[in-house]
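The values are calculated or read from the model by the stated rules, or taken from the named source; none is laboratory data. Values in this document were obtained by computation on a predicted structure and should not be read as measured data. Cβ placement follows ideal geometry from the backbone for every residue including glycine, while neighbour counts extend to all protein chains displayed. With ligands, DNA and RNA removed, areas are computed over all heavy atoms of the protein, side chains included. Shrake-Rupley method; radii C 1.70, N 1.55, O 1.52, S 1.80 Å.
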Amino acid sequence: MQTLFTVAFGVGLGYTVISLVLGNLLDMGDFDNSAFSPLRPAPISAFLVVFGGVGMLFYESLGFTMVLIISAFLGVVISYLVIRFVLMPLHRAQNTSTVDRQSLVGHHAVVQVKIPQNGFGKISLNVNGSNVSSPAKSEDSNEISTGTTVEIVSIERNIYFVKTAQ
C-alpha cells in the first residue's frame, strides 16, 4: 500500500509542475468565491501531495487504515486552506485592480501637465483606490491649465479626450 501513497505524491507533484507550465489552460470554470472548487489545479495538487506525503511518512508506524484517514483528512484541509487563503484573495485582487477604460468616460480627472492648444498633456484620476495617469487631449483643441478639473469625454488609442468640467 506504500505504492498508493508514493503514486499519489508523484502525481500531485507532477500535476503541480504541469499546471505551472500550462498556466490557466487547466483552470476549469468560473471561480465562485463561496464554493469549494475541487476542479482547480492548485487544490487537486495540494490534496495529492499532502495525501501521498503523509501516507509515505506514517504508513509504517500507524498502519494503512489510520494513515488513509489522516492523509485524506489533511489533504482536504490543506486543499481548503489553499482555496481560502491563496486563491480567493488572489482572485479578488485581480478583479478589483483591472479597470475597463470605457467605464471611465464621464468621470472627472485633474490636469497634471498643461494641455496646450492642439497638443497633449497629462491627467490623473483615482480609480478603485489607485491613481491612474494618462496622456490627455482637449476635445475642442483648447488649452487647459494645470490643476483644472476635467471630464473624460472619450478614450481612443489610450488617449483621454477631455473637456473642462462644469
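Per residue, the solvent-accessible area of the chain (1.4 Å probe, heavy atoms of protein chains only, all protein chains present) comes to 61 Å². On the chain, 61 percent of the accessible area sits on carbon and sulfur atoms, based on a 1.4 Å probe.
Relative protection proxy for 137-149, 71-83, from highest mean packing down: 71-83, 137-149 (other beta-carbon atoms within 10 angstrom).
Full extension of the chain between LEU57 and THR6 gives 17.3 nm of extra length, using 0.36 nm per residue less the Cα-Cα distance. When +1 charges are put on Lys and Arg Cβ atoms and -1 charges on Asp and Glu Cβ atoms, the dipole computed for the chain relative to its Cα centre reaches about 240 debye.
For the chain, what class follows from the C-alpha gyration tensor (a ≥ b ≥ c being the square roots of its eigenvalues): rounded when a/c is under 1.5, otherwise prolate if a/b is larger than b/c, else oblate? Verdict is prolate for the chain. Taking Cα atoms only, the orientation of helix 64-82 departs from the longest principal axis of the chain by about 0 degrees. For the chain, the longest principal axis of the C-alpha atoms and the axis of helix 88-97 are separated by about 10°. If eta is 1.306 mPa s and T is 10 °C, what Stokes-Einstein diffusion coefficient results for the stretch 68-166, Kirkwood Rh from Cα pairs, in µm²/s? Value of D from the Cα-based Kirkwood radius: 100 µm²/s. Fully extending the segment from SER141 to ASN128 would add 1.7 nm, taking 0.36 nm per residue of separation and subtracting the current Cα-Cα distance. Here the calculated FRET efficiency for LEU20 and LEU74, from their Cβ-Cβ distance with R0 = 35 Å, stands at 0.95, rounded to the nearest 0.05. Remark: relative contact order (the chain) = 16 percent; criterion is Cα-Cα distance under 8 angstrom and separation of 6 or more residues.
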